[in-house]
Amino acid sequence: MYKILQIIVWPFYRLFHPIKIIGKKNIPKKSKAILICNHYSNSDILVLGTAIFRKQHFLAKKELFNGRFKNWFLKKMGAIPIDRGTADIKAVKNCISVLNDNKLLTIFPEGTRNKTEEELLALKNGAGLIAIKSGAPIIPMWLEKKPKAFRKNKLTIGEPILVEKYKNQKLTNEILDELGNVLTNSMIKLKKS
């Protein structure tokens, strides 16, 4: 269903939302990876879904899943609900399961939509935690502007950030903060490129 919708939506979405993609080669063709991107609006998912042709599983706030049809549809599309107000262990396990199947997981680590195109909000540590527990590389991305009809946009995809050095270390807040700083700096670097 994901692929069918992607094929149907792609030409129309791209017509109304032209985008230049830089660094597409950094997306693995078959292996697992966590994609992280800044977050402007709910339509960011459409941008990423039409820019990257491999199926992505998106981490999404649980409030989006209210209603039987929305819940069914979002889960069919590969969305994983997360309760942002708690340490949602079930969501983390679901993410790790997706990655263990060599799939792509997309996370907006700012944790909420950013109302400005100027600054990156402080990143949450969830992407780093999931990466360390799954061994998946993290691929930073930067979406230049909030998607708007007929406004050209740019998606820059950075090189993978490997997490092997954290593998045998005790998972502490200091480790997660250190990795969080690496991710923040990588995204800011993409923003400036």
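Taking every DSSP bridge with both residues inside the stretch 2-192, close to 20 percent are antiparallel. Candidates Ile161, Leu104, Leu179 compared by Cα position along the dipole of the stretch 98-179: farthest toward the positive end lies Leu104, with charges placed on Cβ.
Taking amide H positions as modeled 1.01 Å from N, with prolines and chain starts lacking one, the residues under 5 Å from Ala60 and 5 or more places away or on another chain are Ile80, Ile82. Rounded to 0.05, the FRET efficiency of the Lys76 and Lys170 pair, given R0 = 41 Å and the Cβ-Cβ distance, is 0.60. With neighbours defined as other Cβ atoms within 10 Å of a residue's Cβ, the residues Phe65, Phe73, Phe12 order from fewest to most as Phe12, Phe73, Phe65. Which one, Ile138, Ile45, Ile89, has the greatest fluctuation when you compute a Gaussian network model over the chain with C-alpha springs under 10 angstrom? The residue with the greatest mean-square fluctuation here is Ile89.
In terms of overall dimensions, the chain has a Cα radius of gyration and Dmax of 15.9, 48 angstrom.
Structure remark: mean-square fluctuation, Gaussian network model of the chain, C-alpha springs under 10 Å; the largest value among Thr106, Thr86, Thr50 belongs to Thr86. Annotation: extensible slack from Asp177 through Thr112 equals 21.5 nm (criterion: 0.36 nm per residue apart, minus Cα-Cα distance).
Sequence-distant contacts, meaning Cα pairs under 8 Å at least 6 residues apart, place the relative contact order of the stretch 2-192 at 31 percent.
Ordered by the count of other Cβ atoms within 10 Å of each Cβ, fewest first, Asp101, Asp88, Asp83 give Asp101, Asp83, Asp88.
A short reminder: the numbers here are calculations on the coordinates, not readings from a lab. Values in this document were obtained by computation on a predicted structure and should not be read as measured data. Quick reminder, even Gly has a Cβ in these numbers, built from the backbone with ideal geometry, and neighbours come from all protein chains shown.
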